[in-house]
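The structure appears right after this line, and notes come after that.
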Amino acid sequence: MHAPVPDRPASEPARVEVALGERSYPVLIGPGVRHRLPAEVARIGAQRVVVVSARPPEWTPDPGVPHRVVPVRDGEHDKSLTTVEQLCRAFAEFGLTRTDAVVSCGGGTTTDVVGLAAGLYHRGVPVIHLPTSLLAQVDASVGGKTAVNLPEGKNLVGVYWQPRAVLCDTEHLGTLPQREWRNGYGEIARAHFIGAGDLRDRPVAEQIAASVALKARVVAADERDSGLRHILNYGHTLGHALERATDFGLRHGEAVGVGTVFAGRLAGVLGRVPADRVAEHHDVVAGYGLDTTLPAGVDHDELIALMRRDKKATSGLSFVLDGPGGVELVARVPEAAVRTALSGM
């Protein structure tokens, strides 16, 4: 499913600007862009850097200034307040100040945890993200949402803390196992329904750039989730519940893929979209090589209970759904409709 990743840049990398006034920042996409880290560190004026890396030393770039490397692990089980505390203590031990910076190098859980730690330490120090997984490059590293999990649910503790730059080096993708590609394709599949268009069969760098450009437009218009940004959670309400219900046996993108199929089915049950649009959800997700059905043995009552704890669920069960006026947040969805949509999966 994925395109070959070139060894050397044939041209300048793709550049997407996240337009937030004086807090605007670039997202650079292409092979070898990790080597631009020293230039980005110099651009923001950081004197010293802590590099938090889930990658081997040979894939952890030198920021070009005095620095300390703090190793971490990618994965939801380390996406916790305990990890945030450990990182902040490492920052303090190094003597990091607001004139310095933090760099993350890893997948989506790493960018989330490091972004939150950077946003909290000294009430905020600059952070640059080097996302190394497809999931992190198309979504997690861009937009400033940082969060960790609680036993009660996904991403329940976090802050908005925008990075100063994001470097999406496509050479990192050549090291990924096949399952990590599927993990990223779950987010690309959901982007199909919120404005990115049909990205199937496009080169991977174009898929990343199109996904990032869509997210940049949405974030620039609604940085703090007061309205439009809800569309980025398409497929995520059930997706997050599935992650918790399987104790993260289902990866985030895999769960979002199933959640996207469910969002289409639920919109159909509610009469918001016709049958062919429901079928399109299934076909697009399947076209990326993703599962379209619920994992065996998952209890519907547990899923509904978990979905009620979703951050968007301020007025009963709430979902981002397609409809005649486009994608929007729909509150107070009847539980019976949710059960009907689940039973078909």
Checklist entry - Do we find a residue being of a type in the set (A, V, I, L, M), part of a helix (DSSP H, G or I) and closer than 30 Å to residue 238 by Cβ anywhere in region 140-152? => result yes
Checklist entry - Of the residues that sit in region 139-152 and are open to solvent by 20 Å² or more (accessible area, probe 1.4 Å) and aliphatic (A, V, I, L, M), which one is nearest to residue 100 (Cα to Cα)? => result 140
Checklist entry - Does region 260-277 contain at least one residue that is under 26 Å from residue 180 (Cβ atoms), small (Gly, Ala, Ser), out of contact with any helix residue (DSSP H, G or I) (no Cβ under 8 Å at 6 or more places or on another chain) and open to solvent by less than 60 Å² (accessible area, probe 1.4 Å)? => result no
Checklist entry - Does residue 20 satisfy being among the hydrophobic types (A, V, I, L, M, F, W, C), more than 30 Å from residue 182 (Cβ to Cβ) and open to solvent by 40 Å² or more (accessible area, probe 1.4 Å)? => result no
Checklist entry - Can you tell me which residue in region 202-226 is farthest from residue 31 (Cα to Cα), limited to those that are in a loop (DSSP other than H, G, I, E, B) and of a type outside the set (Asp, Glu)? => result 226
Checklist entry - So, of the residues in region 55-98 that are among the charged types (D, E, K, R) and under 19 Å from residue 136 (Cα atoms), which turns out to be most open to solvent (accessible area, probe 1.4 Å)? => result 73
Next on the checklist: Tell me yes or no: at least one residue of region 168-189 is in a strand (DSSP E or B) and either open to solvent by less than 50 Å² (accessible area, probe 1.4 Å) or farther than 22 Å from residue 308 by Cβ (or both).
Outcome noted: yes
Item to check | Odd one out for residue 136 among (1) outside any helix (DSSP H, G or I); (2) open to solvent by less than 10 Å² (accessible area, probe 1.4 Å) | outcome: (1)
Next on the checklist: Please determine whether any residue of region 311-320 is within 24 Å of residue 133 (Cβ to Cβ) and surrounded by fewer than 21 Cβ atoms within 10 Å (Cβ to Cβ).
Outcome noted: yes
Checklist outcome for this item: Only one of (1) open to solvent by less than 20 Å² (accessible area, probe 1.4 Å); (2) touching a residue at least 24 places away in the same chain (Cβ under 8 Å) does not apply to residue 254, and that is (1)
Checklist entry - Consider residue 211 against the criteria (1) of a type in the set (Ser, Thr, Tyr); (2) touching a strand residue (DSSP E or B) at 6+ places or on another chain (Cβ under 7 Å); (3) over 13 Å from residue 321 (Cα atoms): it satisfies all of them except one. Which criterion is unmet? => result (2)
Checklist entry - Counting only residues that are open to solvent by less than 10 Å² (accessible area, probe 1.4 Å), hydrophobic (A, V, I, L, M, F, W, C) and under 27 Å from residue 200 (Cα atoms), how many does region 278-310 have? => result 2
Next on the checklist: Quick check on my filter: what residues within region 201-223 are of a type in the set (Lys, Arg) and open to solvent by 40 Å² or more (accessible area, probe 1.4 Å)?
Outcome noted: 202, 217
Next on the checklist: Suppose the filter is outside any loop (DSSP other than H, G, I, E, B), surrounded by 24 or more Cβ atoms within 10 Å (Cβ to Cβ) and modelled with pLDDT under 95; does residue 155 pass it?
Outcome noted: no
Checklist entry - Mind checking which residues of region 289-337 are more than 16 Å from residue 255 (Cα to Cα) and either in contact with a strand residue (DSSP E or B) (Cβ under 8 Å, 6 or more places away or on another chain) or among the aromatic types (Phe, Trp, Tyr) (or both)? => result 309, 311, 312, 318, 321, 323, 327, 328, 329, 330, 333
Next on the checklist: Can you find, within region 161-195, the residue that is modelled with the lowest pLDDT among those that are closer than 15 Å to residue 131 by Cα and β-branched (Val, Ile, Thr)?
Outcome noted: 175
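The values are calculated or read from the model by the stated rules, or taken from the named source; none is laboratory data. Because the structure is a prediction, the values reported are computed rather than measured. Counting neighbours? That spans all protein chains shown, and the Cβs are built from the backbone with ideal geometry, glycine included. Keep in mind that these areas ignore ligands, DNA and RNA; they rest on the heavy atoms of the full protein, side chains included. Shrake-Rupley method; radii C 1.70, N 1.55, O 1.52, S 1.80 Å.
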